[in-house]
Amino acid sequence: MTTARDGAPRPLETARLRLVPLEPLAIRALLEEEWAAASVAQGVEIREGDGRAMDPFFLGVQYERMLRHPAAREWCARLMVRRVDRQVIGHCGFHGPPEDVGRAEIGYTVFERYRGQRYATEAARALLDLASSRGVSPVFATVAPDNAPSLRVLANLGFVETGSQHDERDGEELVFEYATVT
């Protein structure tokens, strides 16, 4: 079973992380910079500095997609919560439901003080496993050409560069693809 009794998607578990689906009420609180309210809505402490590290544009897009497709929330953003101490160390997820976005595309952000510990690779692997379990393939990722850490994550997971694109917001991006189902 992939959803809880209330219809919300269950967290994904990895060796060191719980990938907890962002709650719509928590996103609204984050957008309003109400850190305590976001923490209560999410059920995990979200520190002000970490909340400020989350892109408001990204949060707004995720919120709108959750409202449009409430039954497809497993395809939206998740907080990366370290299992050992319940610290929020970043966020990851799909850009939205594949039928809404046009493809399954993952993204991830690890807060600066937690980088270099392979958390992004671990989280991205869990997302690929979720896509595979749903029979969704391929999965895409886009990365700025100068983002060496993210390029290493994708290489470690076996993504293949398939082209480039210009994003109005992010500029030049390399496009990568991963076949989850063979």
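The values are calculated or read from the model by the stated rules, or taken from the named source; none is laboratory data. What you see is a predicted model, and the numbers here were worked out from it, not measured in a lab. Neighbour counts are summed over all protein chains in view; Cβ atoms, including those assigned to glycine, are modelled from backbone coordinates with ideal geometry.
Name the residue, out of 145, 97, 138, that is within 13 Å of residue 174 (Cβ to Cβ) and either without any contact (Cβ under 8 Å) to a residue 60 or more places away in the chain or out of contact with any Cys (no Cβ under 6 Å at 6 or more places or on another chain) (or both). Even if it seems obvious, please write down each step before you answer.
Numbers: 97 fails: within 13 Å of residue 174 (Cβ to Cβ); 138 fails: within 13 Å of residue 174 (Cβ to Cβ).
Every option except 145 fails the conditions.
Quickly run through the stretch 116-166 and pick out the residues that are of a type in the set (D, E, K, R) and either at pLDDT below 95 or under 25 Å from residue 73 (Cα atoms) (or both). Can you show your working first?
Let us first name the residues in the stretch 116-166 that are of a type in the set (D, E, K, R), namely 118, 122, 125, 129, 134, 146, 152, 161.
Matches in the stretch 116-166: 122, 125, 129, 134.
Answer with yes or no whether residue 57 is touching a residue at least 24 places away in the same chain (Cβ under 8 Å), at negative phi and surrounded by fewer than 19 Cβ atoms within 10 Å (Cβ to Cβ).
Working: touching a residue at least 24 places away in the same chain (Cβ under 8 Å): yes; at negative phi: yes; surrounded by fewer than 19 Cβ atoms within 10 Å (Cβ to Cβ): yes.
Yes, satisfied.
Suppose the filter is buried (at least 16 other Cβ atoms within 10 Å of the Cβ), among the aliphatic types (A, V, I, L, M) and either without any contact (Cβ under 8 Å) to a residue 12 or more places away in the chain or in contact with a strand residue (DSSP E or B) (Cβ under 6 Å, 6 or more places away or on another chain) (or both); does residue 154 pass it?
Details: buried (at least 16 other Cβ atoms within 10 Å of the Cβ): yes; among the aliphatic types (A, V, I, L, M): yes; either without any contact (Cβ under 8 Å) to a residue 12 or more places away in the chain or in contact with a strand residue (DSSP E or B) (Cβ under 6 Å, 6 or more places away or on another chain) (or both): yes.
Against the criterion (buried (at least 16 other Cβ atoms within 10 Å of the Cβ), among the aliphatic types (A, V, I, L, M) and either without any contact (Cβ under 8 Å) to a residue 12 or more places away in the chain or in contact with a strand residue (DSSP E or B) (Cβ under 6 Å, 6 or more places away or on another chain) (or both)), residue 154 qualifies.
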Exactly one of 64, 74 is assigned to a helix (DSSP H, G or I) and in contact with a strand residue (DSSP E or B) (Cβ under 6 Å, 6 or more places away or on another chain), and that one is 74
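Check 45, 34, 74 and return the single one that is under 13 Å from the mean Cα position of the chain (by Cα) and of a type in the set (Asp, Glu).
On the way: 45 fails: under 13 Å from the mean Cα position of the chain (by Cα); 34 fails: under 13 Å from the mean Cα position of the chain (by Cα).
Among 45, 34, 74, only 74 is under 13 Å from the mean Cα position of the chain (by Cα) and of a type in the set (Asp, Glu).
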Among residues of the stretch 90-102, those that are more than 16 Å from residue 74 (Cβ to Cβ) and either acidic (Asp, Glu) or over 12 Å from the mean Cα position of the chain (by Cα) (or both), counted: 1
Note on the stretch 39-54: residues free of Cβ contacts under 8 Å to residues at least 24 places away in the same chain and either basic (Lys, Arg) or more than 25 Å from residue 170 (Cα to Cα) (or both) are 39, 40, 41, 43, 52
Residues (among the small types (Gly, Ala, Ser), assigned to a helix (DSSP H, G or I) and within 16 Å of the chain's Cα centre (by Cα)) located in the stretch 135-167: 150
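Residue 112: surrounded by 13 or more Cβ atoms within 10 Å (Cβ to Cβ) and out of contact with any Phe, Trp or Tyr (no Cβ under 9 Å at 6 or more places or on another chain), yes or no? Can you show your working first?
Details: surrounded by 13 or more Cβ atoms within 10 Å (Cβ to Cβ): no; out of contact with any Phe, Trp or Tyr (no Cβ under 9 Å at 6 or more places or on another chain): yes.
When the stated conditions are applied, residue 112 does not pass them.
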Selection count, the stretch 12-30, where residues are under 20 Å from residue 69 (Cβ atoms) and either surrounded by fewer than 16 Cβ atoms within 10 Å (Cβ to Cβ) or in contact with a Cys (Cβ under 9 Å, 6 or more places away or on another chain) (or both): 4
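Within the stretch 117-124, identify whether any single residue is outside any strand (DSSP E or B), in contact (Cβ under 8 Å) with a residue 60 or more places away in the chain and in contact with a Phe, Trp or Tyr (Cβ under 7 Å, 6 or more places away or on another chain), and answer yes or no. It would help to see each step written out before you state the result.
Keep residues of the stretch 117-124 that are outside any strand (DSSP E or B), which gives 117-124.
Pick out the ones that are also in contact (Cβ under 8 Å) with a residue 60 or more places away in the chain and you get 119, 122-123.
Next, from what is left, pick out any that are in contact with a Phe, Trp or Tyr (Cβ under 7 Å, 6 or more places away or on another chain): 123.
Yes; the residues of the stretch 117-124 include at least one that is outside any strand (DSSP E or B), in contact (Cβ under 8 Å) with a residue 60 or more places away in the chain and in contact with a Phe, Trp or Tyr (Cβ under 7 Å, 6 or more places away or on another chain).
For residue 36, state whether it is at negative phi, in contact (Cβ under 8 Å) with a residue 12 or more places away in the chain and among the aliphatic types (A, V, I, L, M).
Numbers: at negative phi: yes; in contact (Cβ under 8 Å) with a residue 12 or more places away in the chain: no; among the aliphatic types (A, V, I, L, M): yes.
Considered against the rule, which asks whether it is at negative phi, in contact (Cβ under 8 Å) with a residue 12 or more places away in the chain and among the aliphatic types (A, V, I, L, M), residue 36 comes out as no.
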